[in-house]
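Step one of this worksheet: look at the structure below.
The values are calculated or read from the model by the stated rules, or taken from the named source; none is laboratory data. These numbers were taken from a predicted model, which means no experiment stands behind them. Ideal geometry is used to build each Cβ from the backbone, glycine not excepted, and the neighbour counts take in all protein chains shown.
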Amino acid sequence: MDIPPSDDAWALRFVDAGRRVEMDGETRWLLRGVGGRVQAGTAVAVIGPSGAGKSTLLSLCNLMQTPDAGEVHVFGREVRDWDVRSLRRRVGLVMQQPVMLPGTVRDNLVAAARLHGAPEPDVSAILSEVGLPPELAERPARDLSGGQKQRIALARTLVNRPDILLLDEATSALDRESAAIVEALVMRRVREQGLTAVWVTHDLEQARRIGDEIWLVAEGCVVERGPAAQVLAAPRTAWGRRFLLGTAAEEADGAPAGRDEGMLAHGTEHREEGTRG
Ligand SMILES: Nc1ncnc2c1ncn2[C@@H]1O[C@H](COP(=O)(O)OP(=O)(O)OP(=O)(O)O)[C@@H](O)[C@H]1O
Ligand SMILES: [Mg+2]
């Protein structure tokens, strides 16, 4: 069933949510004790070290993965109570490594719309919106560059007019100018059309620009959550201070990744934080 946006102001609500894998006979929690709410029409920037569980967190919101513990509510309804296709139309995901369908760019956009019963897309207009030339429509989608694929993946999601947009490092392969176009497009929809965005990014400046709130994920928990300015300027947990100060120092040095080193041996502070609703 397809339900209209409810009066529920919370586009997303995590209640002690978790996801685990079984490996070599052992249980490993990729995410655990996640609580938190995302108000409809706002943008949350999700930051955190590599391997922390950010993509896993997004995947629970549209049933790309099913929670193994707790609940995830979308507009007041638990994800498992949704019809999956309706859920995925309402909650669009732009994946970290987007997969192009066979055929041209146009085929990709039309197929996405058809899958969800959306009207035939204006391909030139949507390409222009994501900063791509109209000629690209007839190119095989799989031949595009990584940055072009990212933008086609975004365009493909937007043709279904989702109410919630999950972006997994959606501008990471883009040059600054293209990233700015994508960022402006998404944020215009948030500010003017009430779109809710949950945006995983490694770029703290981007997080500051787009995030009404910032969530910091570390070792499978949301360890900090709050208004962007507060989280970035005055993180409350040891995790937050280490990650944010460590990242700032690395960026100033121009040093590459490895920002999660030294993050993984902490105590319980983040677990308590993670379960707060
Ligand atoms: N199906 C799976 N089986 C085993 N381990 C997995 C599986 N999926 C993810 N993981 C592990 O879970 C952890 C969290 O993965 P996730 O992709 O959510 O991290 P991330 O924060 O998005 O990292 P990155 O910033 O590198 O994209 C990682 O250590 C990853 O290797
Ligand atoms: Mg990821």
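Residues that are over 20 Å from L167 (Cβ atoms), crowded, with 22+ Cβ neighbours inside 10 Å and either of a type in the set (A, V, I, L, M, F, W, C) or out of contact with any Phe, Trp or Tyr (no Cβ under 9 Å at 6 or more places or on another chain) (or both) within segment 219-239 comprise C221, V223, W239, listed in sequence order.
Out of the residues in segment 162-178 meeting the condition of being assigned to a loop (DSSP other than H, G, I, E, B) and within 16 Å of ligand 1 (Cβ to nearest atom), tell me which one is farthest from T196 (Cα to Cα). Checking each candidate, the answer is A173. Of the set (1) surrounded by 19 or more Cβ atoms within 10 Å (Cβ to Cβ); (2) assigned to a helix (DSSP H, G or I); (3) among the hydrophobic types (A, V, I, L, M, F, W, C), all apply to A111 but (1). V105 falls short on exactly one of the conditions (1) crowded, with 19+ Cβ neighbours inside 10 Å; (2) within 16 Å of ligand 1 (Cβ to nearest atom), and that condition is (2).
Name the residue, out of G48, G35, G53, that is buried (at least 18 other Cβ atoms within 10 Å of the Cβ), more than 15 Å from the chain's Cα centre (by Cα) and either within 19 Å of F14 (Cα to Cα) or within 16 Å of ligand 2 (Cβ to nearest atom) (or both). If you could, list the steps in order and put the result at the bottom.
Values: G48 fails: more than 15 Å from the chain's Cα centre (by Cα); G53 fails: more than 15 Å from the chain's Cα centre (by Cα).
After applying the criteria, what remains is G35.
Residues of segment 205-254 that are outside any strand (DSSP E or B), within 16 Å of ligand 2 (Cβ to nearest atom) and at pLDDT 95 or above: Q206, A207, G220. Within segment 162-204, the set of residues being within 14 Å of ligand 2 (Cβ to nearest atom) and either hydrophobic (A, V, I, L, M, F, W, C) or in contact with a strand residue (DSSP E or B) (Cβ under 8 Å, 6 or more places away or on another chain) (or both) comprises L166, L167, D168, E169, A170, A173, V198, W199, V200, T201, H202.
None of R191, R156 is under 29 Å from G103 (Cβ atoms), at pLDDT 95 or above and in a helix (DSSP H, G or I) except R156. So in segment 138-157, with the set limited to residues that are buried (at least 20 other Cβ atoms within 10 Å of the Cβ) and closer than 19 Å to E120 by Cα, which one is farthest from the chain's Cα centre (by Cα)? Within segment 138-157, the match that is farthest from the chain's Cα centre (by Cα) is A141. In summary, strands (runs of 3 or more DSSP E) completely within segment 13-97 and bearing 3 or more residues that are within 16 Å of ligand 1 (Cβ to nearest atom) occur at 26-39, 43-47. Per the listing A11, A69, A17, A112, the residue uniquely touching a residue at least 12 places away in the same chain (Cβ under 8 Å) and under 15 Å from the mean Cα position of the chain (by Cα) is A11.
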